[in-house]
Amino acid sequence: MSQKTFFITGANSGFGLAIASAAIQIGHKVIGAVRSETSRAALADVLPAARPVLCDVTEFDAIPDVVRQAENEHGPVDVLINNAGYGHEGVLEESPIEEMRRQFDVNVFGAVAVAKAFLPRFRERRRGFIVNVTSMGGMITMPGIAYYCGSKFALQGISEVMRSEMAPFGVRVTAVCPGSFRTDWAGRSMVRTERSITDYDALFDPIREARQVKSGKQLGDPDKLAAAVLGLVDASDPPPQLLLGSDALKLVSDRIERLRQEIEVWKSVTVSTDG
């Protein structure tokens, strides 16, 4: 793989740090975007070869200047890893709408704002690769993470449109859809809405407890995800989306089969509206 320059959001932890570390180890240049001075110092300590920059993805108007300065200082970016994001857990009825707005600001609007800062640059250079980190939760749902799944479904759809719009200019776009991995997603990085309605206790309390118990013990290895992403970036024909993790493969495959069956059962009603 020839040397590339990566711009990675959320580079100080989780998938972002794993990808940054793996990229640097094989000779790539990494611009690590973080949202605070504390995070910038932490990244510099853990990964001295990275070039940390301050970039809060919810400060939409500031992002183009961050990208411009990063390219002025470090050269043209070849690969954007749109990784910054977090999880929200809470029963829909109990969860304040402000928590949904914040979830979408980071996971959707932030990711789109960063991508849009790079789109004209990639288009004009007729090259570039955008990896939008979504989730298996962008293709399946489960109780208690409506805001999170909603945000990832949105980014999943936007990624496919972005892919088709940028393809004529030689710019590639893939949504990476991880299952459960040993990151802080279900730990310190997750916002949890307080419980308030007892009717949901039997459904949701066991789900919340199981997720907390499993945190840090998931099957997925972030370092192996990083290796897979670097392989994806070097692929000649990357897919629109890439599932990562055996749990993601099973759950998404099961959802596709259920969807196929639902379509078949209701097909006569579906076509009855023509004419």
Report summary line: When the charge dipole of region 129-196 is computed with +1 on Lys and Arg Cβ and -1 on Asp and Glu Cβ about the Cα centre, the Cα farthest towards its positive end, among Phe153, Phe169, Ser135, belongs to Ser135
Query raised in the report: What label, among [x] -0.83, -0.96, -1.11; [y] -0.76, -1.01, -1.28; [z] -0.67, -0.95, -1.28, belongs to log10 I(q)/I(0) by the Debye sum over Cα atoms at q = 0.12, 0.14, 0.16 Å⁻¹ computed from the structure on display?
Result: [y]
Report summary line: Once all protein chains are kept in place, Thr134 shows an accessible area at probe 1.4 Å, nearest 10 Å², of 0 Å²
Requested in this report: Give the angle, between 0 and 90 degrees and rounded to the nearest 10, that separates the Cα long axis of helix 246-265 from the longest principal axis of the Cα atoms of the chain.
Outcome: 50 degrees
Query - Extension gain, Ala202 back to Ser2 (0.36 nm per residue minus Cα-Cα distance, nm) - result: 66.6 nm
Query - Size of charge dipole - region 159-267 - debye, nearest 20, with Cβ of Lys, Arg +1 and Asp, Glu -1, no other charges - result: 160 debye
**Report entry** Cα long-axis angle, helix 63-74 against the chain (0 to 90 degrees, to the nearest 10)
**Finding:** 40 degrees
Report task. Using R₀ = 35 Å, calculate the FRET efficiency as 1/(1 + (r/R₀)^6) where r is the Cβ-Cβ separation of Arg127 and Leu219; round to 0.05. Result -> 0.50
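Got the relative contact order for region 167-275 handy, in percent, Cα pairs under 8 Å and 6 or more residues apart? Let's see the in-between values first.
Working: 67 pairs, mean separation 48.1, N = 109.
Across region 167-275, relative contact order equals 44 percent.
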Query raised in the report: Which one of Asn107, Ser2, Ala227 is farthest out on the positive end of the charge dipole of the chain, using unit charges on Cβ (Lys, Arg +1; Asp, Glu -1) and the Cα centre as origin?
Result: Ser2
Query raised in the report: Pick from Asn83, Asn107, Asn72: which is most flexible by mean-square fluctuation in a GNM of the chain where alpha carbon atoms under 10 Å apart are linked?
Result: Asn72
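How much accessible area per residue does region 47-124 have, counting only protein heavy atoms and a probe of 1.4 Å, in square angstrom?
45 Å²
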Query raised in the report: Against the longest alpha carbon principal axis of the chain, how many degrees, from 0 to 90 and to the nearest 10, is the axis of helix 37-46 turned?
Result: 70 degrees
Report task. Return a whole-number percent for the relative contact order of region 170-224, with Cα pairs under 8 Å and 6 or more residues apart as the contact set. Result -> 62 percent
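Carbon and sulfur together cover what percent of the accessible area of region 14-61 at a 1.4 Å probe radius?
Here it works out to 51 percent.
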**Report entry** Nearest-20 debye value, the chain charge dipole, Cβ charges on Lys, Arg, Asp, Glu
**Finding:** 840 debye
Query raised in the report: Given a cut-off of under 8 Å on Cα pairs at least six residues apart, what relative contact order in percent is computed for the chain?
Result: 19 percent
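The values are calculated or read from the model by the stated rules, or taken from the named source; none is laboratory data. Keep in mind that this is a model prediction, so the values were computed, not measured. Every residue, glycine as well, gets a Cβ built from its backbone with ideal geometry; the counts of neighbours run over all protein chains shown. Each accessible area value is taken on the protein alone, full model and side chains, heavy atoms only, with ligands, DNA and RNA left out. Shrake-Rupley method; radii C 1.70, N 1.55, O 1.52, S 1.80 Å.
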